[in-house]
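Quick notes on the structure that follows.
The values are calculated or read from the model by the stated rules, or taken from the named source; none is laboratory data. No experiment lies behind these values; they were computed from the predicted model shown. Positions of Cβ are generated from backbone atoms using ideal geometry, with glycine treated the same way; all protein chains shown enter the neighbour counts. Accessible surface is based on the protein model in full, side chains and every heavy atom, while ligands, DNA and RNA are left aside. Shrake-Rupley method; radii C 1.70, N 1.55, O 1.52, S 1.80 Å.
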Amino acid sequence: MKYIRKAIACLTAAAVLLLCGCGAVDPNNFFGSAQDNAPQKHKVIIDTDTGSDDAAALILAASSDKLDILGVTVLYGNVPTDNAADNALMTLEVCNVKVPVYIGADKPLKKERKEMVSVHGSDGMGDQDLIHPHSSAEKGDAVDFILDTIKSDPGNVEIIALGPLTNIALALKKDPDTMKLCKRIWVMGTPGFGDGNATPVAEFNVYSDAEAYDAVLRAELPMTVLGFDMAATEEARLTKDDMEILALGNEKGVFMSKAFSKLFAFNQESGQNMTLPDPMAVACLIWPDVVLETKACYGEVCTDDDDTYGQVILYQKGVVYEAMPEIGSYNLDVVTKIDADLFKYNFMSVMTD
Ligand code: RIB
Ligand code: CA
């Protein structure tokens, strides 16, 4: 037996020498270099209304070797646009990463900003006097940055949208052909198949600008939708113990425990632990095993000025409804099952690493 093994080894060596000799194989890279086999990084733009959960999402993204963050574009939502920019800049400094930040929309497409409860605190980051960035936003406009970046690398740039979709709707309006070259949009938004958080039927990001959501849905771009129902999963929420672990941890953890303070208190008012919607949206990209099931859907959003404003109706592919609308394309991959334990474990590991 030993002889056979030796013979095979000799034959293999001879084959390698023969192949290398005829230049068919690079001797220094016979089994392929590590980088040849490494999965390609996702080239992403993160579009955010930088409240505290957005900041945590930025930390997850900056900590991941799966993402190449080309830039961060900000807009109103949890806070006014300028605060969103400062919060993003400060968070990126805490992560020790240099990523350009571009300022975008300061109000919805057609209406004035809605007055809503500042669940993250008036500065969006717990009102803990955390936000003193040394760096500034770029001079350029967020919408132009989105379009220029997609145009420079057609079919390879993805957007992670963590706030209202106003910047994306404005980019679609300005240059729809370029936006069609966007590889995919990963969206935290809609209640999914659950309850709303802005109203019983509408989720905050959609409710902030339903007209923008309508424009993006009509463009039928490839979208993965992480709805609020997934974030509301009990095992995925941040508990009091988790907050204490963060507060006793490293700079990232202490920063986030302070930034989360108002959002945590808001959730506790209704006797609940704290949801992490934006970090979960990023998790869908960097930890694919967190996503256990998605359903292909066609979506429509309500824009009438009544109690349905911001409601997103999801028609599942393969389901025949008695009142079927004219279906465009089932371009929405709506996340319908997640591994909440894996998400929480990975989230806390990054925050305490
Ligand atoms: O409904 C939750 C979403 O609205 C999150 O993105 C939160 O940051 C707010 O933007
Ligand atoms: Ca957000």
> Can you work out ³J(HN,Hα) from phi for every residue in the stretch 264-277, in order, using Karplus 6.51 cos²θ - 1.76 cosθ + 1.60 and θ = phi - 60°, giving whole Hz and x for Gly and Pro?
Replying inline: 5, 5, 4, 5, 5, 4, 9, x, 10, 6, 8, 6, 10, x
> Which GluC sites (Glu not before Pro) from the stretch 268-325 combine a DSSP loop assignment with at most 14 other Cβ atoms within 10 Å?
Replying inline: Glu322
>> Suppose each label sits 7 Å from its Cα in the direction of the beta carbon; what would the Asp306-Ser152 distance come out to in nanometres?
In response: 4.7 nm
> Fully extended, how many nm does the chain gain between Glu322 and Ser135 (0.36 nm per residue separation, minus their Cα-Cα distance)?
Replying inline: 61.8 nm
> Quick one: Karplus J couplings for the stretch 320-329, per residue in order, coefficients 6.51, -1.76, 1.60, θ = phi - 60°, nearest Hz, x for Gly and Pro?
Replying inline: 9, 8, 5, 10, 7, x, 6, 7, x, 10
> Rounded to the nearest whole Å³, what is the per residue volume of the convex hull around the Cα atoms of the stretch 200-353?
Replying inline: 135 Å³
> Could you give the radius of gyration (one decimal) and Dmax (whole number) of the Cα atoms in the stretch 201-287, in Å?
Replying inline: 15.5, 47
>> I want to check the label-to-label distance for Glu235 and Asp65. Put each point 7 Å from Cα in the C-beta direction and report it in nm to one decimal.
In response: 2.8 nm
> Which is the longest run of the chain containing none of the chymotrypsin sites (Phe, Trp or Tyr not before Pro) found in DSSP loop states (not H, G, I, E, B) with at most 11 other C-beta atoms within 10 Å?
Replying inline: 32-320
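Based on DSSP H runs of at least 4 residues, each adding -39500 (n - 2.57), what is the mean residue ellipticity at 222 nm of the chain after dividing by all its residues, to the nearest 500 deg cm²/dmol? Intermediate results must be reported in sequence, preceding the final value.
Values: 15 runs with 142 residues, N = 353.
-11500 deg cm²/dmol, from helical runs alone.
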> Amide H of Val157: which non-local residues (sequence gap of 5 or more, or other chain) have their own amide H closer than 5 Å, using H built in the peptide plane?
Replying inline: Lys183
>> Taking amide H atoms as placed 1.01 Å from N in the peptide plane, list the residues 5 or more away in sequence, or in a different chain, whose amide H sits under 5 Å from that of Asn197.
In response: Ala202, Glu203, Phe204
> Using a Gaussian network for the chain with springs between C-alpha atoms less than 10 Å apart, which of these wobbles most: Val94, Val216, Val225?
Replying inline: Val94
> Under 5 Å between amide H atoms, partner at least 5 residues away or on a different chain: which partners does Lys337 have, H built in plane at 1.01 Å?
Replying inline: Leu292, Glu293
> Most mobile of Asp175, Asp65, Asp306 per a Gaussian network model of the chain (Cα springs, under 10 Å)?
Replying inline: Asp306
>> Can you give me the orientation-averaged projected area of the convex hull built on the Cα atoms of the chain, in nm²?
In response: 24.2 nm²
> Which residue, Asn156, Asn96, Asn205, has the most motion in a Gaussian network model of the chain that connects Cα atoms within less than 10 Å?
Replying inline: Asn96
> Ordered by residue, what ³J(HN,Hα) values in Hz, to whole numbers, does the stretch 179-185 give under the Karplus form 6.51 cos²θ - 1.76 cosθ + 1.60, where θ = phi - 60° and Gly and Pro are x?
Replying inline: 5, 5, 8, 6, 5, 6, 10
> Which value in nm describes the separation of the simple spin-label points at Tyr345 and Val97, placed 7 Å from the Cα toward the beta carbon?
Replying inline: 2.3 nm
> Where a Cα-Cα gap under 16 Å defines reach, which aspartates and glutamates qualify for Lys43, not counting those fewer than 8 residues away within the same chain?
Replying inline: Asp65, Asp68, Asp148, Asp153, Glu158
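Per residue, how much accessible area does the chain have with a 1.4 Å probe, in Å²? Working shown, then result.
On the way: 16540 Å² over 353 residues.
On a per-residue basis, 47 Å².
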